[in-house]
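Let me begin by presenting the structure, written as structure tokens, before commenting on it.
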Amino acid sequence: MRSKSLSALAQAFRSLRNRNYRLFWFGQLVSLAGTWMQDVALSWLVLTLTDSPEALGLTMTFRFLPALFLSLYGGVLADVLPKRRALIAAQVAQMLVALALAVLYSTDVISIALIYLLAGVRGVVEAVEGPTRLAFVSEMVGKEDLANAIALNSTLFNAARIAGPAVGAVVISTLGIGACFYLNAVSFAAVIGALFAMRPAELHLAPRVPHEGSLRQLREGLRYARSTPEVVLVLITMGALGAFGYNFMTMVPLVTKYVLLAGASTLALLTTTMGAGSVVGGLFVAWRARPTRRRLVVSSLWFTCLLAAVALSRWVGLTVVVVFALGFVGILFMTTANTRLQLSVPGHMRGRVLGIYGLLFVGTTPISSYLIGWLSETVGVTVTILIMAGLCAVGAVWGVAYARRVFPAGTSRDLPRPPDEEPEPR
């Protein structure tokens, strides 16, 4: 029995056999823990400075607004530039942004306007980097371990969401908010060092696309996405849930302060609990869950119901249980969507299609962040989140209807066939 358990555990972490991915995974774990620590501290700083849900929504708007305009171009760059070097440059830029925030806070120069400015600069870097980072996973592990690596990526992201806020709460109470910002700047050294330490010869490099005009390449990516039903299904459901449901960095602080009437320790508890649910979900996917169409649409429906339950809960204990389940289902949906998308797309097109995915998942955040902040001040936090859950439901039901119309009955468990990795002749 013990040997079977160890075998199952090894199967769940099989992508870590790849040295390059192992370096990246552990480097990202340290860096993302620092990022989550900073994000929790920054959200609380904004509410402390302004006592305004709208200001917190605006902070998220400025951070994610560049993704609305740059995600598609970032996808083009992901297909053109060498991914490892592009990621090194992006991580250095993010480290400098974190250091600037730390210095401004520690010298008492910080203001809400400067927070908006730094959030915008960070957003530019993240918008360009996002598609490259997603596409780089397949270059580190190849097709065989791609689904497992995507699940482990989600696991590390949410393990960092557990560690970051927990450590952040201790650091804020003992050393102050500024220490969180300095520690985040230092944490970027882990992933930068990991990228430098990789062995380029062991990467599964996808064919790079000749740079023949960004607009032409963008049109090719959009045309491919529009004509591929597997991609369309993912984009329908992710478009709704990504825009209106995954805005936890705005929703959770608002629920904590204005629905549960609690403080920073409860915010850290809820963020950590949601991260724990996501880690369990990520490990479940890595261990045995197959990224089927059925799992995609069913998890989107469950996500909608749980989001509504968060809005209706008035007790901290119940909210903790619900956000744990929301984290589990949310990662199940996201990992399934990401895996099916990458397995449906040829390597030379992957960056551009992931740029569209990033636009729907991250690029819509500035609109929904401001909408959530404005509605929360107008009609209250509870009604606002119920509205967001209703909008998610529209996308989930649309996805169910599309899948039933386009795909033959009995194929819901099929995985997309990995496409040819060779670029199309020009």
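The values are calculated or read from the model by the stated rules, or taken from the named source; none is laboratory data. What you see is a predicted model; the values in this text were computed from it and never measured. Heads up, the Cβs are rebuilt from the backbone with ideal geometry, glycines too, and the neighbour counts pull from every protein chain shown.
For region 20-51, a residue qualifies if it is more than 17 Å from residue 275 (Cα to Cα) and in contact with a Gly (Cβ under 7 Å, 6 or more places away or on another chain), and exactly one does: 27.
Assess whether residue 23 counts as being closer than 17 Å to residue 146 by Cα, aliphatic (A, V, I, L, M) and at pLDDT 80 or above.
On the way: closer than 17 Å to residue 146 by Cα: yes; aliphatic (A, V, I, L, M): yes; at pLDDT 80 or above: yes.
For residue 23, the condition - closer than 17 Å to residue 146 by Cα, aliphatic (A, V, I, L, M) and at pLDDT 80 or above - is met.
Output the residue which, of all residues in region 152-195 that are modelled with pLDDT under 90 and β-branched (Val, Ile, Thr), is farthest from residue 27 (Cα to Cα). The residue in question is 174.
Being in a helix (DSSP H, G or I) and either of a type in the set (D, E, K, R) or at pLDDT 85 or above (or both) is the requirement here; does residue 100 meet it?
On the way: in a helix (DSSP H, G or I): yes; either of a type in the set (D, E, K, R) or at pLDDT 85 or above (or both): yes.
Yes; evaluated as a whole, the condition is true for this residue.
Could you tell me whether any residue of region 232-244 is surrounded by fewer than 18 Cβ atoms within 10 Å (Cβ to Cβ) and under 20 Å from the mean Cα position of the chain (by Cα)? Yes, region 232-244 has at least one match.
Selection within region 388-426: residues that are loosely packed, with under 15 Cβ neighbours inside 10 Å, not small (Gly, Ala, Ser) and not in a loop (DSSP other than H, G, I, E, B). The member of this set that is modelled with the highest pLDDT is 394.
Only one entry of 90, 86, 119 meets the criterion of being closer than 24 Å to residue 46 by Cβ, modelled with pLDDT of 80 or more and part of a helix (DSSP H, G or I), and that entry is 119.
Screening residue 84 on (1) of a type outside the set (Asp, Glu); (2) in contact with a Leu (Cβ under 8 Å, 6 or more places away or on another chain); (3) surrounded by fewer than 23 Cβ atoms within 10 Å (Cβ to Cβ); (4) over 21 Å from residue 196 (Cβ atoms) shows it passes everything except condition (4). Here 65, 49, 101 are screened, and the one residue that is surrounded by fewer than 20 Cβ atoms within 10 Å (Cβ to Cβ) and out of contact with any Ser or Thr (no Cβ under 6 Å at 6 or more places or on another chain) is 49. Among the numbered conditions (1) of a type in the set (A, V, I, L, M, F, W, C); (2) under 20 Å from residue 160 (Cα atoms); (3) surrounded by fewer than 22 Cβ atoms within 10 Å (Cβ to Cβ), the only one that residue 117 does not meet is (2). Of everything listed in (1) modelled with pLDDT of 90 or more; (2) surrounded by fewer than 23 Cβ atoms within 10 Å (Cβ to Cβ); (3) within 30 Å of residue 145 (Cβ to Cβ); (4) among the aliphatic types (A, V, I, L, M), the single unmet condition for residue 343 is (1).
Would you pick out the residues in region 307-321 that are assigned to a helix (DSSP H, G or I), in contact with a helix residue (DSSP H, G or I) (Cβ under 9 Å, 6 or more places away or on another chain) and surrounded by fewer than 23 Cβ atoms within 10 Å (Cβ to Cβ)? Before the answer, list the steps.
Filtering region 307-321 down to residues assigned to a helix (DSSP H, G or I) leaves 307-312, 316-321.
Going one step further and asking which of them are in contact with a helix residue (DSSP H, G or I) (Cβ under 9 Å, 6 or more places away or on another chain), we end up with 307-312, 316, 318-321.
Of everything in region 307-321, those that are assigned to a helix (DSSP H, G or I), in contact with a helix residue (DSSP H, G or I) (Cβ under 9 Å, 6 or more places away or on another chain) and surrounded by fewer than 23 Cβ atoms within 10 Å (Cβ to Cβ) turn out to be 308, 309, 311, 312, 316, 318, 320, 321.
For region 173-288, list the helices (runs of 4 or more DSSP H) that sit wholly inside it and hold at least 2 residues that are under 15 Å from residue 37 (Cα atoms); which are they? Passing ranges, in order: 177-197, 248-254, 264-287. The requirement of being touching a residue at least 40 places away in the same chain (Cβ under 8 Å), touching a Pro at 6+ places or on another chain (Cβ under 6 Å) and not in a helix (DSSP H, G or I) is fulfilled somewhere in region 131-145, by at least one residue.
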